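Below you'll find the structure, written out as structure tokens, and then a few comments.
The values are calculated or read from the model by the stated rules, or taken from the named source; none is laboratory data. Note that this is a predicted model, so its numbers are computed, not measured. Positions of Cβ are backbone-derived with ideal geometry, glycine not excepted, and every protein chain shown enters the neighbour counts.
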Amino acid sequence: MYSYLENGTEEYDDYYGDDDDNGPCDFNSNHSMEMIIQTYIYVLICVLGLLGNIMVIVTYAFYKKAKSMTDVYLLNVAIADLIFVIALPLIIYNEHNNWHMGTVACKLLRGAYSINLYSSMLLLACISGDRYVAIVQARRSFGIRSRTLVYSRVICLSIWFLAVILSIPTIMFNQRYEERSPGQEEVTFECDFKFTDNDTSTAQLMKVLLPSMQVSVGFFFPLLVMGFCYSCILAILLRAQSFQRHKAVRVVLAVVFVFVACHLPYNVVLLYHTTRLFKVGRECAREKMILMTISVTRSLAYLHCCLNPILYAFIGVKFRNHFQKILVDLWCHGKKDLYTSRSSKHTSELYVSAPYKSREVSNNEHQSSFTM
């Protein structure tokens, strides 16, 4: 996520109190150091997110077909996160080069993250709902979930469509615009939420509505769904006298804890910042501190796209077995390249039989990879 009013000092000077009577508040004073730190963090997120989500997609494409509703949701979460980690390096490049790619790239890249935000969060809520039906309502749902796999695809398409609709204002109102720091002649270009006339009722409404919609639809609604579903799941698991069930309790707690730890700080700060948008006489130092906090907590929220593959895929026993199979096949493929004298039979098994061999990992293909 990103702050809608992170830049644009000329537009909001009237709202800030001047601590030192030295002119308008300069929000770009620590911008260079902030960009350097963010770049290192974002590069780490890109590398981990790219590897993890590609492995999830490869596993579902070649080693394990999506046989349950949760599997379909997991695949779509990986695709959504992959879209973001591909867009993130372009965002970093443009922010370091005055948005050299222009307004179109500004709109598309900001829109790509907005789509990722809504789609991934709502899909995570769907995963918790499916787990609730499978565990808490196990008897009632027996025989039904296997026939509703097609509905999971319809749900996913609906979520993607809703994410695009909710992201249209982000794409429309993000602009590449000229930014001049107070007391400096150097001109830079920013990509941010921008209106031609900030005094119109539409502009003021959007400045509050869009971040509020991000916080409500992109965080609090999924959090409520996950909180209810996983609380019911925990109640069932804690009554079970089974090591595997109690191990699943730790999985549920880890999923909820990581989700809250990654997204709660940013959304609380963004909500607080939104409530102060039109307050007159805000202190410059406090606003700088708020924007710095937004930047730090935003990086923490970005980190969740790297943790999703671990929490929802690799933590499951069956998925780990498929992942180990991928590593074995990659090792065999590397040895085949080094030793070209290997037989064609081995090569055939590597490329043709691998998807079929993985079927031996589990006796039940209709179970979810997110094993509880």
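A few comments on the model shown:
- Subset of the stretch 20-71 that is of a type in the set (Gly, Ala, Ser), buried (at least 17 other Cβ atoms within 10 Å of the Cβ) and part of a helix (DSSP H, G or I) - its residue that is modelled with the lowest pLDDT: Gly52
- Condition broken by Phe193, with the remaining ones in (1) touching a Lys or Arg at 6+ places or on another chain (Cβ under 8 Å); (2) modelled with pLDDT of 80 or more satisfied: (2)
- Hey, Val104 modelled with pLDDT under 90, of a type in the set (Val, Ile, Thr) and more than 20 Å from the chain's Cα centre (by Cα) or not: yes
- Qualifying residue in the stretch 109-131 (condition: buried (at least 18 other Cβ atoms within 10 Å of the Cβ) and in contact with a strand residue (DSSP E or B) (Cβ under 7 Å, 6 or more places away or on another chain)): yes
- Filtered by the rule that a residue be in contact with a His (Cβ under 8 Å, 6 or more places away or on another chain) and in contact (Cβ under 8 Å) with a residue 40 or more places away in the chain, the stretch 77-119 gives a lone residue, Asn94.
- Residues considered: Leu166, Leu224. Of these, the only one that is at pLDDT 80 or above, within 23 Å of Val77 (Cβ to Cβ) and surrounded by fewer than 14 Cβ atoms within 10 Å (Cβ to Cβ) is Leu224.
- Of all residues in the stretch 188-209, those that are closer than 16 Å to Ile171 by Cβ have Cβ atoms under 9 Å from Cβ atoms of residues that are modelled with pLDDT of 75 or more and part of a loop (DSSP other than H, G, I, E, B), 6 or more apart or on another chain, in Cys191/Trp99.
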